[in-house]
1. Taking A:His307 as meeting all but one of (1) assigned to a helix (DSSP H, G or I); (2) buried (at least 17 other Cβ atoms within 10 Å of the Cβ), write down the number of the exception.
2. Please go through the range B:420-435 and pick out each residue that is at pLDDT 90 or above and facing chain A (nearest Cβ under 9 Å).
3. I'd like to check something: does the range B:202-224 contain any residue that is acidic (Asp, Glu) and either in contact with a helix residue (DSSP H, G or I) (Cβ under 6 Å, 6 or more places away or on another chain) or open to solvent by less than 10 Å² (accessible area, probe 1.4 Å) (or both)?
4. Within the range B:388-404, can one find any residue that is in a helix (DSSP H, G or I), away from chain A (no Cβ under 14 Å) and open to solvent by less than 60 Å² (accessible area, probe 1.4 Å)?
5. Does the range B:513-549 hold any residues that are modelled with pLDDT of 85 or more, out of contact with any Asp or Glu (no Cβ under 7 Å at 6 or more places or on another chain) and part of a loop (DSSP other than H, G, I, E, B), and which are they?
6. So which of A:Lys298, A:Lys292 ends up being among the basic types (Lys, Arg) and open to solvent by less than 80 Å² (accessible area, probe 1.4 Å)?
7. Is there a residue in the range A:173-193 that is hydrophobic (A, V, I, L, M, F, W, C), modelled with pLDDT of 75 or more and open to solvent by 60 Å² or more (accessible area, probe 1.4 Å)?
Amino acid sequence: MSDFSEELKGPVTDDEQVETSVLSGAGMHFPWLQAYVETVAIGGKRKKDFAQTTSACLSFIQEALLKHQWQQAAGYMYSYFQTLEDSDSYKRQAAPEIIWKLGSEILFYHPKSNVETFNTFADRMKNIGIMNYLKISLQHALYLLHHGMLEDAKRNLSEAETWRHGEKTSSREILINVIQAYKGLLQYYTWSKKKTELSKLDKDDYAYSAVAQDVFNHSWKTSVNISALIKIPGVWDPFVKSYVEMLEFYGDRDGAQEVLTNYAYDEKFPSNPNAHIYLYNFLKRQKAPRSKLISVLKILYQIVPSHKLMLEFHTLLRKSEKEEHHKLGLEVLFGVLDFAGCTKNITAWKYLAKYLKKILMGNHLVWVQEEWNSRKSWWPSFHFSYFWAKSDWKEDTALACEKAFVAGLLLGKGCRYFRYILKQDHQILGKKIKRMKRSVKKYSIVNPRL
Amino acid sequence: MDLEEAEEFKERCTQCEAVSWGLTDEGKYYCTSCHNVTERSKEVINTEVIPHAQIKALNRGLKRKNNSEKGWDWYVCEGFQYILYQQAEALKNLGVGPELKNDVLHNFWKRYLQKSKQAYCKNPVHTTGRKPTVLEDNLSHSDWASEPELLSDVNSPFLESGMESQSDVHTRKSFPISKASQSETSVCSGSLDGVEYSQRKEKGIVKMTMPQTLAFCYLSLLWQREAITLSDLLRFVEEDHIPYINAFQHFPEQMKLYGRDRGIFGTESWPNYDDIYKKTIEVATFLDLPRFPEITEDCYLHPNILCMKYLMEVNLPDEMHSLTCHVVKMTGMGEVDFLTFDPIAKMAKTVKYDVQAVAIIVVVLKLLFLLDDNLEWSLSNLAEKHNEKNKKDKPWFDFRKWYQIMKKAFDEKKQNWEEARAKYLWKSEKPLYYSYVDKPVAYKKREMVVNLQKQFSTLVDSTPTAGKKSPSSFQFNWTGEDTERTCFHGHSLQGVLKEKGQSLLTKNSLYWLSTQKFCRCYCTHVTTYEESNYSLSYQFILNLFSFLLRIKTSLLHEEVSLVEKELFKKKYSVTKKKSKSKKVRRY
């Protein structure tokens, strides 16, 4: 199959094409004005029927895809291919990508389609215009992966990797990096399999050294393939994870830490909670000092205050010697419970109950009030309604008790949630409830003792 | 690519073993079933073999191959002639009399060539800058000297006989072959004068375009008073029964098209009713045609007959025909002078026969049912009750039932139509490219599209999509076996009419005008149609009919207004009461 590169080199000389570009001073560009000028240029003439029918055809395809009518979609697709020959050069250049997206979708689901059909289609589309070669190659490889054809996918990626055509553009360079990284990921997969194999083998086994050698080779190739990509700003979670795993395996802790730190802290990278989680987990494995762990989680707290690691964060803060950390520990707990998904998290409630008591005993009423002020308008109905009291008690008495204690501390003993739980006569929890009642009397922030 | 020329090559294809060869532009053989191109090339032995005698007539002398890549030398007007020839052939196949092609269209075309100074004249435009070798005394023999003999020319190149006529001699001589200008022009067009043609802007001369070919066809149909209306013609074009889109792909192999020819012969739109209608008048005026044969009551284009046809088409009772005839009579729309096209009259205009007939039906529906979203339904209730009680009698026409059935049928039809349009394949097998440099790219792209289509064709629903519809002037069929679709042709209008003395009156005594004021300014439209201002029934009926004719709803609305203008003008000027009482209620 030959490709169409000559077409791109040739001059764009379409007599039907209206070349208008609206540029005003200082390089400013108004897209709406452009559209307006274009309609003026064609003298308000109606769109050509070709344009009308092909755009109607496109919406029919989209509708068919939406309804999973693959055969109908294929029928319209048959006609839609003619957009590759559109006399409007702008539309003609946009056509291959649209056709690839729709066509691959149809072939992915169509009952009569198979891997072979998909391969033929992908190979054809790769060679229509050079703009899409890499993107299609990558998606083609992902399709093959999806069908468990690892070797074919790898071959595909290798082909794409070595493909050179025309000028190098920055977007193409990133694509090549992604392709290489995917190749690396596939190598990681093999490595990982080998590694488990290795762990099952006895060191004295005659096969051991051969496998070990294999493992080593793979790791080297992979690191080359992946490391280029993860230096470019972006979200590369699976790549970073597997890369770090391999570095760690070979004892290159500094290298791994550098990668993770860079991934988490480089400002050019988009904000990514996972980056901080990976770093935290790594540091934890390395038994890093508490202060370091706290500083990592502090950032995660700012991005995702409801993350399950926040409870660990709280524990770390509680154990810290610094008073500001103690205060932050309270903030973190309140923050977690602000989220609807965490309302039934018994650990969070238990921590809060305990910690509130501790803080109040430690005479830090102001801290509590500070947190409570912004929440007192909505927490009572969000957490401490009569309805919740009933349903919590029914579902999980332990949770209800913890919540009741918190409710009592924050809202006083008159609070409905607290009162409801008190009224429940429970043999085992009886003692606990009594203790709770005493504490509430003593420490509740709405205590009239003031 | 011409298959005939490759017939003598009988070897099997090395790839698929088929014996089906075509010739590529380079003269090489290729397999038509697997597109494998051989190294063998056809030796050009016989340049005289040209498949079409007509082109031969015009081309003799021009047909000098400079090399096989460039093809013949040909002029744009020859291209159009070829297309007209094909269109006339297609019309003949549709059942139109052979005179249309042989006499009428041929003569119109000759007259056009003469009027536009392209042939049959002293100084054809092609000769600019060259030396013409026209024998002046020969010209005086031309049939074109006298007007009345317009259609008497029998020596026509459109005739299959291939008889060489006097006029062909003129043509040939008036196309001088000048290779001098070839080098500059051939870069941008396959035809000799493509570049010049696309730039030509001469005042007072109607330039041939693709839509213009249809104007010629329609003029000939009108002259012959054939049973094909303009909307039928355009529908046949859309359904590919008449060559129009990509008509050039049937040009002889050696007539190469590219560059500017693309803009001249390539079309990416279907013809539009209004546009062709205007072009028809334009062409007729330009050709200075005499008054057309009269449209009398026995002609298909007479409103009485067309109304009958459209009443059948939309499943309305036959009894309505007497009412449409009445309206035709009152408005004077059935008069010969009104109907006959006369291009040399002061204001050349022709009647939109089909639109007018349909408008008359709409007016009759308004007279009977008022169509105010109210009266038609209460009349339907009466009819329904009556029909339930008297099951044996001829049923009364029930508007509601009719609406329900029509709505369903119309929606289905329209859906199918939209889907078919979306699936329409515009691109020809012969891609049009801009220059020889682009040629391989264009062909490669074509091949690519064909390959992709081949691949996807196996994935399409196996139930065939009914193939190509056979041409018919009817789009609906109500007399079939289908019991779901009641046929209303035999239903009676008794429920909406009442007897008074000798005459019948409509039960409904009200009427509303579709337009109160006609636009007097110089814009082209007489009134505007703002859908939301009108009753739903009226909207439905306009949509239904304008879909049948493939015209814009506003165009039909205008025509309805014009019919009403004629109908009620008379009513206002004559104080005496007619047999029908109609009041005008203003909305």
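The values are calculated or read from the model by the stated rules, or taken from the named source; none is laboratory data. Since this is a predicted model, take the numbers as computed values, not measurements. Every residue, glycine as well, gets a Cβ built from its backbone with ideal geometry; the counts of neighbours run over all protein chains shown. Heads up: the accessible areas ignore ligands, DNA and RNA and are worked out on the full protein's heavy atoms, side chains in. Shrake-Rupley method; radii C 1.70, N 1.55, O 1.52, S 1.80 Å.
1. (1)
2. Just the residues of the range B:420-435 that are at pLDDT 90 or above, to begin with: B:420-426.
Once the filter is applied, which keeps residues that are at pLDDT 90 or above and facing chain A (nearest Cβ under 9 Å), the range B:420-435 yields B:Arg421, B:Ala422, B:Lys423, B:Tyr424, B:Leu425, B:Trp426.
3. Checked against the condition, which is being acidic (Asp, Glu) and either in contact with a helix residue (DSSP H, G or I) (Cβ under 6 Å, 6 or more places away or on another chain) or open to solvent by less than 10 Å² (accessible area, probe 1.4 Å) (or both), the range B:202-224 yields no hits at all.
4. Yes, that holds for at least one residue.
5. Within the range B:513-549, B:Tyr534 is the sole residue that qualifies.
6. It is A:Lys298.
7. Within the range A:173-193 (the criterion being hydrophobic (A, V, I, L, M, F, W, C), modelled with pLDDT of 75 or more and open to solvent by 60 Å² or more (accessible area, probe 1.4 Å)), the answer is yes, since at least one residue qualifies.
Yes/no matrix, rows are residues, columns are (1) under 27 Å from A:Phe313 (Cα atoms); (2) in contact (Cβ under 8 Å) with a residue 60 or more places away in the chain; (3) surrounded by fewer than 20 Cβ atoms within 10 Å (Cβ to Cβ); (4) not polar (S, T, N, Q):
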{"site": "A:Thr343", "(1), (2), (3), (4)": "yes, no, yes, no"}
{"site": "A:Lys350", "(1), (2), (3), (4)": "yes, no, yes, yes"}
{"site": "A:Asn363", "(1), (2), (3), (4)": "yes, no, yes, no"}
{"site": "A:Trp372", "(1), (2), (3), (4)": "yes, yes, yes, yes"}
{"site": "A:Phe387", "(1), (2), (3), (4)": "no, no, yes, yes"}
{"site": "A:Leu422", "(1), (2), (3), (4)": "no, no, yes, yes"}
{"site": "A:Met436", "(1), (2), (3), (4)": "yes, no, no, yes"}
